[in-house]
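Input: a single structure, listed below in structure tokens.
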Amino acid sequence: MKLFFILILLSQSAMAEDYWYFSDIQSVPLRATATKESSVNSYIPTNTRLHILEKGTEWSKIKTEFGDQGWVRNEVITNERPLLRKYKGIEDQALKFEKKNSELLKKKDEQNNEIKSLKEEMAKSEAALKKFQQEYDELVAASGNILQIKNDYKKATLQLNDYFIKNGELEKAVHNQYL
């Protein structure tokens with residue numbers, strides 16, 4: 001997998017850049033003029049990025065990424081990124097990917113913990129709902145019995161009233177017959 005990312009990064013780095021580099025030499029003398037006899041202003045380390053200000057047949061006037069200016073032989077510069085810079089770029093990308101992977105793994109763990117917590121909460125809710133359903137069913141059964149008892153009570157009250165009325169009528173009839 002890392003090899004795949006390295007190849008992608010190398011192909012991206014191979015795209016045309018406007019930068020030039022010193023080739024893989026330890027250091028390059030930066031001269032005041034375009035001759036070997038000219039004084040050396042400084043030595044520029046390998047992998048230093050530079051811009052070409054003037055390009056000649058043997059010498060080029062350059063400006064380094066650090067601001068140094070002078071002349072160097074064309075044979076020591078290249079427009080291809082040196083391997084060390086490519087490696088450093090790939091290494092930086094790999095570190096970014098590792099950091100992102102670590103962040104994603106942490107987020108995944110957090111989400112898994114949240115899922116576990118939600119499942120536990122859901123199980124508690126389901127148990128509470130089941131208990132509520134049982135209590136509800138018991139209340140429905142009990143209320144059905146209460147309604148039946150109430151209906152039976154009404155019927156009994158009506159029958160009792162009918163008996164009282166008939167009893168009153170019979171008492172009147174008996175009283176009228178014997179008095």
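Quick notes on this one:
- Only helices enter the 222 nm calculation for the chain: every DSSP H run of n ≥ 4 contributes -39,500 (n - 2.57), and dividing by all residues gives -22500 deg cm²/dmol, rounded to 500.
- For Leu30, the amide hydrogen comes within under 5 Å of the amide hydrogens of Asn41, Ser42, Tyr43, Ile44, counting only partners 5 or more places away or on other chains and with H modelled in the peptide plane.
- For Lys119, the lysines whose Cα falls under 19 Å of its own Cα, not counting residues fewer than eight places away in the same chain, are Lys107, Lys108, Lys130, Lys131.
- Mean Cα-pair separation over length for the chain, i.e. relative contact order, pairs under 8 Å, 6 or more apart, %: 16
- When Ile77, Ile62, Ile146 are arranged by Cβ crowding within 10 Å, least crowded first, meaning fewest neighbours, the order is Ile146, Ile77, Ile62.
- Comparing mean-square fluctuations of Ile115, Ile165, Ile52 from a GNM of the chain with C-alpha springs under 10 Å, the top value falls on Ile165.
- Pair Lys130, Glu169: separation of 7 Å Cα→Cβ label points (nm): 6.1
- In this simple spin-label model, placing a label point 7 Å from the Cα along the Cα-to-Cβ direction at both Ala123 and Gln26 gives a separation of 6.9 nm.
- Stokes-Einstein D for the range 83-179, Kirkwood Rh over Cα pairs, 20 °C, 1.002 mPa s (µm²/s): 97
- Only Cα pairs under 8 Å and 6+ residues apart enter the sum, and on that basis the relative contact order of the range 48-105 stands at 20 percent.
All of the numbers you see were taken from the coordinates with simple rules; none came from a lab. Worth saying up front: this structure is predicted, and the values here are computed from it rather than measured. Please note: Cβ atoms are built from the backbone with ideal geometry, for glycine as well, and neighbour counts cover all protein chains shown.
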